[in-house]
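See structure below.
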């Protein structure tokens, strides 16, 4: 007989692979982050698709405090979840919203590095940076966020990522860049700042790299790290083209259908 966590992971993995929406999973895997992490890791161990990188989630410090958590978490991002700039993303009733973030391309040499990543040594492993849109949502018929466990247990709730034009990495004041995401069709505009992302996106990157190092994740190629939203989770009030802008980095678009 399969255990409850095995049965639950099978259902979630099947939903992920076949783009299906299933009934809500047992609440025991959603309330506490430790239980959610176990389920997420088990699910990821069953997926044999190419990995393109990792995402930070729960990076908003007010949200961390509100939900009484200690830190963000991370999840694996697969190539099937990444689209070219401007491509279409189909949403459903379980879609939570849209986010605007900074993402970094990390050199494969990171995996042979020694010791922990710090704000001083991290730069030598970054090759490029770019603006990114993430569409977030569940593979389950449920809405809202009551804990990090809700997000973590469901693959970090990542549906699709769209990466804008890449720029070669250079040191800039990444912790104080104005950001904006908008939909001209319904005049929806949300302003933000990179300083809302776990102090700043570079610190969020450091957090993720140290976590994947601890978990002994190894890839044989360069990879992306998505550092968390600078505008929070923006509700999708209407379909159409969403444009995200980050000062000094550029713009990225997603067509929501």
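Here residue 238 fulfils each of the conditions (1) in a loop (DSSP other than H, G, I, E, B); (2) under 24 Å from residue 74 (Cβ atoms) apart from (2). Would you be able to tell me the number of residues in the range 25-64 that are in contact with a strand residue (DSSP E or B) (Cβ under 8 Å, 6 or more places away or on another chain) and surrounded by fewer than 14 Cβ atoms within 10 Å (Cβ to Cβ)? Here the count works out to 2. Taken over the range 93-111, the criterion of being loosely packed, with under 14 Cβ neighbours inside 10 Å and either modelled with pLDDT of 95 or more or touching a helix residue (DSSP H, G or I) at 6+ places or on another chain (Cβ under 9 Å) (or both) is satisfied by 109 alone. Restricting attention to the range 120-140 and to residues that are at pLDDT 95 or above and either in contact with a helix residue (DSSP H, G or I) (Cβ under 7 Å, 6 or more places away or on another chain) or part of a loop (DSSP other than H, G, I, E, B) (or both), the residue that is farthest from residue 237 (Cα to Cα) turns out to be 121. Within the range 149-171, the set of residues being touching a strand residue (DSSP E or B) at 6+ places or on another chain (Cβ under 9 Å), touching a residue at least 24 places away in the same chain (Cβ under 8 Å) and over 20 Å from residue 81 (Cβ atoms) comprises 167, 168, 169. Please work out which residue is nearest to the chain's Cα centre (by Cα), limiting yourself to the range 181-214 and to residues that are touching a residue at least 24 places away in the same chain (Cβ under 8 Å), surrounded by fewer than 17 Cβ atoms within 10 Å (Cβ to Cβ) and in a loop (DSSP other than H, G, I, E, B). Out of the qualifying residues, it is 199.
May I ask you to list the residues in the range 1-24 that are assigned to a helix (DSSP H, G or I) and surrounded by fewer than 18 Cβ atoms within 10 Å (Cβ to Cβ)? Scanning the range 1-24 gives 4, 5, 6, 7, 10, 11, 14, 17, 18. The number of residues in the range 221-238 being at pLDDT 95 or above and farther than 15 Å from residue 133 by Cα comes to 3.
The values are calculated or read from the model by the stated rules, or taken from the named source; none is laboratory data. Predicted model, so just to flag it, every value in this text is computed and none were measured. Please note: Cβ atoms are built from the backbone with ideal geometry, for glycine as well, and neighbour counts cover all protein chains shown.
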